[in-house]
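Every number here is computed from the coordinates shown, using simple stated rules; none is lab data. Only a predicted model underlies this, so the values are computations on that prediction, with no experimental measurement involved. With ideal geometry, Cβ positions are generated from the backbone for all residues, glycine too; neighbour counts draw on all protein chains shown.
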Amino acid sequence: MFGIAIHGGAGTLPRAEMSGDAESGYRSGLTEAIEAGYAVLEGGGTSLDAVTVAVVLLEDNPLFNAGRGSVFTLDGRNELDASIMDGRTLRAGAVCGLTRIRNPVLLARAVMEKSEHVMLAGAGAEEFASGQGFSFVPQSYFHTPERWAQLQRIRGGDTGLSGHTISHVGTVGAVALDGFGNLAAATSTGGMTGKRYQRVGDSPIIGAGTYADDRSCAVSATGHGEVFIRSAVAHDICARMRFGGRSVAAAAREVVLAELPALEGEGGVIAIDARGQIAMEFNSDGMFRAARKAGGEAFVAIYR
């Protein structure tokens, strides 16, 4: 048994504001990523490789708030964060505040596999990247007209864009179970539109935005990062399974539909357990998501 699930962010625009072309583009991007990750698993590859491949494709897709399509800070920069975790060994790697790395998830994995650390930030992370042979892209690589327009609207006083809904749309992630019985999770984001002070959300924080443990499940989260950090969302779901005997569906439901709203937190999670059961729970208008289990067809959705 193996399987994979991905997300492209929660807090989707209302259905009435989603054009047919836009929806088609998002569905195409999700389909490409889920099929690529599934192909790795079907070919006997590891869950780590599957989530890496899927997230790289989503980072390269300018529709999503990760990699090339990352949102802008208030001063017009792109600051990227990512993390990855191996459920077999509990090893993890994370990076935050990147400005010149095309695929942050690849650097997060390098931190996990090639260093004694878990999280590296900003210039230090990029110094490590240079030592590992990573090439750098100009900051203009991350510039997309849509994200720039969002920033200009915030600068013009449209505070609705910096609220809980639009700010985290597009954060990406993947969780997978491979044929060896091992779990992995990865998450990548450009953060919050109009953020200041080099703010860091939950995506690169192990236990908040990402967690994987073969004894329970793998989780990738997307949403109002400050609340997800305070609630340790990803680890909480795993702990409810490991120590409370919950199913992955019940654990995700309890955290996303009860714990988060109690703190006015909006967003969602994808999770997969050691038996290949998948949960995709969210409390927002929608969540860009896809999943595929061994022998089955891909499921792709945006709204409920």
Task: Ascending count of other beta-carbon atoms within 10 Å, so fewest first, for 26, 211, 38 - done: 26, 38, 211
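Would you mind calculating the gained length between residue 250 and residue 113 on full extension (0.36 nm times residue separation, minus the Cα-Cα distance), in nm to one decimal?
46.1 nm
Once you list every other residue whose beta carbon is under 10 Å from the beta carbon of residue 279, what net charge do they have if Lys and Arg are +1 and Asp and Glu are -1? Don't skip to the answer; put the middle values down first.
Details: positive: 253; negative: 273, 281.
Net charge in that neighbourhood comes out at -1.
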TODO: Give me the distance in nm between label points sitting 7 Å out from Cα along the Cα-to-Cβ direction at residue 143 and residue 263, one decimal.
DONE: 3.7 nm
Open item on the list: Mean Kyte-Doolittle hydropathy of 0.5 or higher plus an axial Cα length of 18 Å or more: which whole DSSP H helices in the chain meet both?
Closed with: 47-60
TODO: Per DSSP H run of at least 4 residues, take -39500 (n - 2.57); add these up for the chain, divide by its residues and hand me the 222 nm value, nearest 500 deg cm²/dmol.
DONE: -9500 deg cm²/dmol
Task: Distance in nm between pseudo-label sites at residue 130 and residue 42 (7 Å out along the Cβ direction from Cα) - done: 4.3 nm
- [ ] Work out the FRET efficiency for residue 294 and residue 24 from their Cβ-Cβ distance, taking R0 = 25 Å, and round it to the nearest 0.05.
- [x] 0.35
Open item on the list: Sort 113, 146, 42 by Cβ crowding within 10 Å, fewest neighbours at the top.
Closed with: 146, 113, 42
TODO: Return a whole-number percent for the relative contact order of the range 3-301, with Cα pairs under 8 Å and 6 or more residues apart as the contact set.
DONE: 26 percent
TODO: Could you tell me the convex hull volume per residue, in Å³, taken over the Cα atoms of the chain?
DONE: 115 Å³
Task: Contour excess over end-to-end distance, with Cα ends at residue 304 and residue 230 and 0.36 nm allotted per residue - done: 24.0 nm
Open item on the list: Give the residue list of GluC sites (Glu not before Pro) in the range 207-295 that are DSSP loop and have at most 11 other beta-carbon atoms within 10 angstrom.
Closed with: 264
Task: Net charge, residue 262 excluded, C-beta distance under 13 Å - Lys, Arg +1, Asp, Glu -1 - done: -4
Open item on the list: Return the equivalent ellipsoid semi-axes of the range 170-244 as a descending list in whole Å, where each equals the square root of 5 times an eigenvalue of the C-alpha gyration tensor.
Closed with: 24, 14, 7
- [ ] Tell me the label-point distance for the pair residue 89, residue 123, using the 7 Å Cα-to-Cβ offset, in nm and rounded to one decimal.
- [x] 3.1 nm
Open item on the list: Could you list 7, 224, 235 so that the one with the fewest beta carbons within 10 Å of its beta carbon is first and the one with the most is last?
Closed with: 235, 224, 7
